[in-house]
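Down below is the structure, laid out as structure tokens.
Where a number appears in this text, it was derived from the coordinates with a stated rule and is not lab data. The structure presented is a predicted model; accordingly, all values stated were derived computationally and were not measured. Neighbour counts run over all protein chains shown; Cβ positions are idealised from the backbone, glycine included.
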Amino acid sequence: MTTIVKRTNGSLLPASQRSMFDDFFNRELFNWGNNNFSASRTTLPSVNIKELEKAFEVEVAAPGMKKEDFSITLDGNMLTISSSKEDQQEEKDGKYTRREFSYQSFQRSFELSKDVVDDENIQARYENGVLRLTIPKKESALAQSPRLIEIQ
């Protein structure tokens, strides 16, 4: 038996599912050309989140910063990483004075699942331009090895 599928706008999905998929793939999440800008058009650092066997690792790309420039807070289940850095340079040459100011700041927040993460043992370190947070998993959330159920 042969079934004919009608293609509408290049989609093989039924009309009822098409709008759901179109909406999903057209969201800001998939706007690759704009993924490092906030609503205020300021640059946000790139963030990688890796799930390891016993923890999650968050990497924030922030070259040129010092560990003192960061603030990491946990309010309830909201983990917030922020930074602000202000530079002033003044150069005097005879009657001419040149002043340059720069100010950088960002804030990224992540919601943590209290059932999965051990928020009492979060660790952070900054090295080689990358801020790394290690967020351990609770013992109850670790992958359990399969157990054999005996047949009686």
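Given a Förster distance of 30 angstrom, what is the FRET efficiency for residue 52 paired with residue 148, based on the Cβ-Cβ distance and rounded to 0.05? The pair residue 52/residue 148 has a calculated efficiency of 0.65. Run the reach check for residue 138 against lysines, Cα to Cα strictly under 25 Å, same-chain hits fewer than 8 apart removed. What comes back? Straight-line reach from residue 138, under 25 Å: 50, 54, 114. Working ranking of peptides 99-111, 130-142, 49-61 by packing, defined as the average number of other Cβ atoms within 10 Å per residue, highest first, is 130-142, 49-61, 99-111. With semi-axes defined as the square roots of five times the eigenvalues of the C-alpha gyration tensor, the equivalent ellipsoid of region 45-141 measures 37, 12, 9 Å, largest first. A Förster distance of 41 Å, applied to the separation of the beta-carbon atoms of residue 110 and residue 89, puts the FRET efficiency at 0.75.
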